[in-house]
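Here's the structure, in structure tokens; my notes come after.
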Amino acid sequence: MNILAELKNRFRDVLAEVSGETDVQNLLDMIKPAQDARFGDYQANCAMPLGKRLGKPPREVAEEISNKVRLDDLCSQTDIAGPGFINLTIDDRWITSQVNTARKESRLGVAVNANPQTFILDYSSPNVAKPMHVGHIRSTVIGDSLARTLRFLGHQVIADNHLGDWGTQFGMIIYGYKHFVNAEAYQQHEVRELSRLYRLVNQLIDYWKSKGGVAAQQEEIARRETVVSELETVEPSGDKKEDKKHRKALGRARDQLTQACQVLESLKAKIQTVENDEVLLQQAQAHPEIARNALLETAQLHEGDATNRQLWEEFLPKCREDIQRVYARLSVEFDVEYGESFYHEMLPGVVSGLQEAGLASESEGAQCVFLDDFETPMIVQKSDGAFLYATTDLATIEYRMQQWQADEILYVVDHRQSEHFQKLFAVANAWNAPQVQMHHISFGTVLDESGRPYKTRSGDAVGLEGLLDEAVNKAYEVVSANDDSKPNGSELSEEMRRHIADVVGHGAIKYADLSHNRTSDYVFSYDKMMALEGNTATYMQYSYARVQSIFRKGDVDLDALRQSESAILLGHAAERALAMMILRYSEALEQVVEDYRPNQLTNYLFDLAKRFSSFFEQCPVLKSEDEAIKQSRLKLCDLTGRVIAHGLDLLGIGVVDQM
Ligand code: ARG
């Protein structure tokens, strides 16, 4: 049962009657959990705006609403406070009965959605020709937890890993393979050699690009210097406002100059790294056209060139296997993994379809869709005949609609692609998918402690597997230190420590990511994510293990406890507060899917764990005053543990019985 939804149901008609409006959603949105327990459990704040609209004192409106709404069975108290807040206190008997029902259900009181939808979730979707790095973690874990949550709520979910298996990266490794492969290394470990080739080709392309960019950047700096020196010669006018404006402009111009110098420095650094290395320099000089030629390799692959096609067929399964290992470690699964190559044959049809619909037209030799709200068109075919990322995405939508009749498609992709998706949705809605709702589930960047995108010292983005290994190693230290410091000596075998470190390490990485509002950047810190106190997976796993340790200590037969009919009693305020939070699980899950934000669930779990901790401090369990209370508290502990484990599972995170 979702209490908030139930309250809204009961207010809906009354609000319509009092306001005289048919759509009262904006008023219903003002019914919320109370921030402070002194104001009850929930608060309805709709009387204030309504009073204004009706020209009546809000308190009077609040009285009218509260007299009309039927809450006798649900609320023990409705108070009108301040200018017209309606404070609602849920009836203890009602909480007791709900919590006793939830205890008996595997769904823990969460109802199945009465109007299930079909969702396609497009997440992870790495370009497989290069190793996965820290940036991929976000799409993978956010997508996975949304898929799990939507499924649990009763929706049909198709998890689609839209692999980049057909783009320019393949041209790059094909070029690298043809010119630079170390046969022995390739034989020993294909993927490692391919990723070396990818990095090498990338570096050489960058070298030539940087060399070509230096002169232009120097001109840019000269221009910026002129602007700065001109601004510097301006004498103060004496007018405060004018002078402030001038100082600001000068500051801005200096910043821009600094930035331009930094860009030049980074170009020079890229050039230097190559020129300091004799072998690299030779390779670079032997391949001055590498950028163009790598693109040509991609074009030839797309045109069906036999050699390139054969190389692609050789590389692809190996790259996929490599990525699969990461998914296995993260317990992430997909229903389909067609990848971009699957849609290749459909691309000419997309362009002709768009032309027939009058949407695509030729511009400078390319096929473009011009859109009202955008400065630049969406290009669907270049003048050389090549199709683009967007063309494939349109074909993918076509396929998804035919295959699954999707109601919603969610793309979990980083914020830099937001313009691509805005255009894509506009074109698809105008063309082949007018009905479907599409959302870009955008997310920010993973940063290091100095606020720059997270990278290793050598400058490569951290490989994802290395990152996971490091997390597990750190978790092992945390787990061992915790175990070593137990008052009666350590309890865990080496094997158990390793297993726990595995669950804790992977959990910490996922939770750290999911607990941040997805649209913000976040700072990656092993220490923070594995803290035993605070909003971390470790704390949540620890709370779960604490419950299990109570059962061990009290020699509790868990099956018998769950079978037993005696009810949970809520005599103590901390018990009531804990039970209330347990009942809000369903609300938290609805919030997750409302705006696709898993941090709503981590916030909830953190609140739940805090209430559990305060219950545990105030209410003895094994030593409670009588047997009925002891049984009741054990049940409350069990239910809390189950909700924590269930919530963590929806985040893709495991639990252990002992830590
Ligand atoms: N492979 C792309 C990248 O790494 C992400 C694909 C996202 N999904 C999509 N349907 N465009 O940037």
Selection status of Ala406, part of a loop (DSSP other than H, G, I, E, B), within 16 Å of the ligand (Cβ to nearest atom) and farther than 30 Å from Asn308 by Cβ: yes
Pairs, first within 17 Å of Ile409 (Cα to Cα) in region 115-132, second acidic (Asp, Glu) and within 11 Å of the ligand (Cβ to nearest atom), C-beta under 7 Å, six or more apart: Ile120/Asp160; Leu121/Asp160; Asp122/Asp160
Test: residue in region 376-397 that is within 16 Å of the ligand (Cβ to nearest atom), closer than 27 Å to Asp335 by Cβ and in a loop (DSSP other than H, G, I, E, B): yes
Ser480 being of a type in the set (S, T, N, Q), within 27 Å of Thr538 (Cα to Cα), in contact with a helix residue (DSSP H, G or I) (Cβ under 8 Å, 6 or more places away or on another chain) and without any contact (Cβ under 8 Å) to a residue 40 or more places away in the chain: yes
Residue satisfying condition, being surrounded by 18 or more Cβ atoms within 10 Å (Cβ to Cβ), at pLDDT 90 or above and assigned to a helix (DSSP H, G or I), within set Arg254, Arg247, Arg196: Arg196
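This table checks each residue for (1) away from the ligand (no atom under 12 Å from the Cβ); (2) more than 19 Å from the chain's Cα centre (by Cα).
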| residue | (1), (2) |
| --- | --- |
| Met401 | yes, yes |
| Leu410 | no, no |
| Asp414 | no, no |
| Leu424 | no, yes |
| Gln435 | yes, yes |
| Met438 | no, no |
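Output the residues belonging to region 124-135 that are near the ligand (Cβ under 8 Å from one of its atoms) and not polar (S, T, N, Q).
Result: Pro126, single match.
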Strands (runs of 3 or more DSSP E) completely within region 2-84 that count 3 or more residues being touching a residue at least 40 places away in the same chain (Cβ under 8 Å): 42-44
Restricting region 599-652 to residues that are outside any helix (DSSP H, G or I) and out of contact with any Asp or Glu (no Cβ under 7 Å at 6 or more places or on another chain), the residue that is modelled with the lowest pLDDT: Glu625
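Being out of contact with any His (no Cβ under 8 Å at 6 or more places or on another chain) and part of a helix (DSSP H, G or I) is the filter here, so list the residues in region 287-305 that pass it.
Across region 287-305, the qualifying residues are Ile290, Ala291, Arg292, Ala294, Leu295, Leu296, Glu297, Thr298, Ala299, Gln300, Leu301, Glu303.
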Test: Glu297 is touching a residue at least 24 places away in the same chain (Cβ under 8 Å), among the charged types (D, E, K, R) and surrounded by 13 or more Cβ atoms within 10 Å (Cβ to Cβ): yes
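The values are calculated or read from the model by the stated rules, or taken from the named source; none is laboratory data. Keep in mind that what you see is a predicted model, and the values were worked out from it rather than measured. Positions of Cβ are backbone-derived with ideal geometry, glycine not excepted, and every protein chain shown enters the neighbour counts.
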